[in-house]
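Novice: Okay, handing you the structure first.
The values are calculated or read from the model by the stated rules, or taken from the named source; none is laboratory data. From a predicted model like this one, the values you see are computed outputs, not experimental measurements. Neighbour counts run over all protein chains shown; Cβ positions are idealised from the backbone, glycine included.
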């Protein structure tokens with residue numbers, strides 16, 4: 001199994017931790033709801049790691065974070081869906097649990113996993129979009145993560161696609177992830193239900209009976225069953241995704257785009273329609289090569305597997321530095 005490491009994907013709604021071998025195989029997995037405070041979240045992470053290391057000889061931990069990291073990836077500056085602000089999470093957690101902890105942006109972690117084990121393996125310039133609670137993006141240039149000058153690129157989920165549109169947790173209005181994410185699907189369904197009578201829609205009936213039952217996963221399930229409201233929500237989702245992909249192509253001109261994350265794993269519900277919007281909206285439509293757009297091969301596991309791979313690379317780099325020193 002080689003070096004075992006623990007990958008933890010910390011999302012806005014849930015935390016998933018797994019022991020992963022050097023072939024990207026998850027051997028043991030734990031889940032928890034994401035706590036609302038920094039202290040409670042740190043306690044949750046320590047508990048999950050403690051349970052896993054009691055059963056497996058893991059050498060390091062990788063954390064996939066949806067937020068801005070410092071260029072050295074030692075500090076979390078800002079995370080829209082998490083409670084940390086200017087927090088030295090890697091050093092503090094390393095001191096608490098006694099094995100090295102490495103941080104990575106969640107979309108970069110997914111990109112590392114898809115490049116190493118999945119759908120991005122043959123890409124030249126590849127973009128991995130992690131679509132879940134929000135949108136994260138990881139850009140790989142010949143297999144190397146592009147981070148920008150200050151370690152935060154590319155923050156595509158917060159590009160404005162609807163000026164003056166839905167409010168976003170980042171403080172802006174009309175961000176792309178407010179129209180193209182799991183939470184966006186919920187908001188779109190609520191708007192659709194407020195605007196019309198959907199008759200025999202089972203999703204509409206379920207929401208009327210229990211508004212709290214509405215989640216992005218529930219919308220995806222209803223769409224797979226042919227529910228009219230859910231299909232209408234995914235049609236809007238596909239249009240927004242295609243609009244964003246066209247913007248991305250104009251900026252980065254990638255040859256491969258991989259859709260990862262919880263919603264990305266349901267790409268069969270929207271990918272063909274999104275491709276059509278993308279091909280129509282991209283600058284120079286009909287006169288340029290288009291990126292290949294694929295669904296993830298690793299599904300919702302990409303962030304966890306990538307975080308574990310980042311940890312594995314971190315301990316190998318540390319050993320190399322020691323030998324050189």
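Novice: Considering only segment 197-207, state which residues are modelled with pLDDT of 90 or more and surrounded by 15 or more Cβ atoms within 10 Å (Cβ to Cβ). Steps first, please.
Specialist: Quick first cut of segment 197-207, residues modelled with pLDDT of 90 or more only: 201-207.
Within segment 197-207, 201, 202, 203, 204, 206, 207 meet the criteria.
Novice: Next up: Just one of the numbered conditions (1) part of a helix (DSSP H, G or I); (2) under 24 Å from the mean Cα position of the chain (by Cα) is not true of residue 297; which one?
Specialist: Condition not satisfied by residue 297: (1).
Novice: May I ask you to say which residue of 210, 142 is on the phi < 0 side of the Ramachandran plot and surrounded by fewer than 14 Cβ atoms within 10 Å (Cβ to Cβ)?
Specialist: 210
Novice: Have a look at 76, 65, 135 and point out the one that is more than 22 Å from residue 258 (Cβ to Cβ) and crowded, with 17+ Cβ neighbours inside 10 Å.
Specialist: 76
Novice: Would you check if residue 308 is buried (at least 16 other Cβ atoms within 10 Å of the Cβ) and either at pLDDT 95 or above or touching a strand residue (DSSP E or B) at 6+ places or on another chain (Cβ under 7 Å) (or both)? Steps first, answer last, please.
Specialist: Working: buried (at least 16 other Cβ atoms within 10 Å of the Cβ): yes; either at pLDDT 95 or above or touching a strand residue (DSSP E or B) at 6+ places or on another chain (Cβ under 7 Å) (or both): yes.
It is true that residue 308 is buried (at least 16 other Cβ atoms within 10 Å of the Cβ) and either at pLDDT 95 or above or touching a strand residue (DSSP E or B) at 6+ places or on another chain (Cβ under 7 Å) (or both).
Novice: Sticking with this one: For residue 185, work out the one condition from (1) touching a strand residue (DSSP E or B) at 6+ places or on another chain (Cβ under 9 Å); (2) in contact (Cβ under 8 Å) with a residue 60 or more places away in the chain; (3) closer than 24 Å to residue 229 by Cα it doesn't fulfil.
Specialist: (1)
Novice: Checking the condition closer than 21 Å to residue 14 by Cα, in a helix (DSSP H, G or I) and within 20 Å of the chain's Cα centre (by Cα), which residue from 48, 41 passes?
Specialist: Values: 48 fails: within 20 Å of the chain's Cα centre (by Cα).
Among 48, 41, only 41 is closer than 21 Å to residue 14 by Cα, in a helix (DSSP H, G or I) and within 20 Å of the chain's Cα centre (by Cα).
Novice: Just the residues that are in contact (Cβ under 8 Å) with a residue 24 or more places away in the chain and over 20 Å from residue 267 (Cβ atoms), please, taken from segment 167-182.
Specialist: Restricting attention to segment 167-182, the residues satisfying the condition of being in contact (Cβ under 8 Å) with a residue 24 or more places away in the chain are 168-170, 176-177, 179-182.
Scanning segment 167-182 gives 168, 169, 170.
Novice: Would you check if there is a residue in segment 284-291 being in contact (Cβ under 8 Å) with a residue 24 or more places away in the chain, closer than 20 Å to residue 176 by Cβ, surrounded by fewer than 20 Cβ atoms within 10 Å (Cβ to Cβ) and in contact with a helix residue (DSSP H, G or I) (Cβ under 8 Å, 6 or more places away or on another chain)?
Specialist: Yes, segment 284-291 has at least one match.
Novice: Being under 25 Å from residue 171 (Cβ atoms) and touching a strand residue (DSSP E or B) at 6+ places or on another chain (Cβ under 9 Å), is that true of even one residue in segment 51-64? I'd like the intermediate steps shown before the answer.
Specialist: Step one: list which residues in segment 51-64 are under 25 Å from residue 171 (Cβ atoms), which gives 63-64.
Filter once more, keeping what is touching a strand residue (DSSP E or B) at 6+ places or on another chain (Cβ under 9 Å): 63-64.
Yes, that holds for at least one residue.
Novice: Test residue 30 against the criterion of being within 21 Å of the chain's Cα centre (by Cα), without any contact (Cβ under 8 Å) to a residue 24 or more places away in the chain, within 20 Å of residue 110 (Cα to Cα) and assigned to a strand (DSSP E or B), and give yes or no. Explain how you work it out, then say what you get.
Specialist: Numbers: within 21 Å of the chain's Cα centre (by Cα): yes; without any contact (Cβ under 8 Å) to a residue 24 or more places away in the chain: yes; within 20 Å of residue 110 (Cα to Cα): yes; assigned to a strand (DSSP E or B): yes.
The answer is yes for residue 30.
Novice: Here are 266, 224, 230, 220: which of them is surrounded by fewer than 19 Cβ atoms within 10 Å (Cβ to Cβ), touching a residue at least 24 places away in the same chain (Cβ under 8 Å) and out of contact with any strand residue (DSSP E or B) (no Cβ under 8 Å at 6 or more places or on another chain)? It would help to see each step written out before you state the result.
Specialist: On the way: 266 fails: surrounded by fewer than 19 Cβ atoms within 10 Å (Cβ to Cβ); 230 fails: surrounded by fewer than 19 Cβ atoms within 10 Å (Cβ to Cβ); 220 fails: surrounded by fewer than 19 Cβ atoms within 10 Å (Cβ to Cβ).
Matching residue, one of 266, 224, 230, 220: 224.
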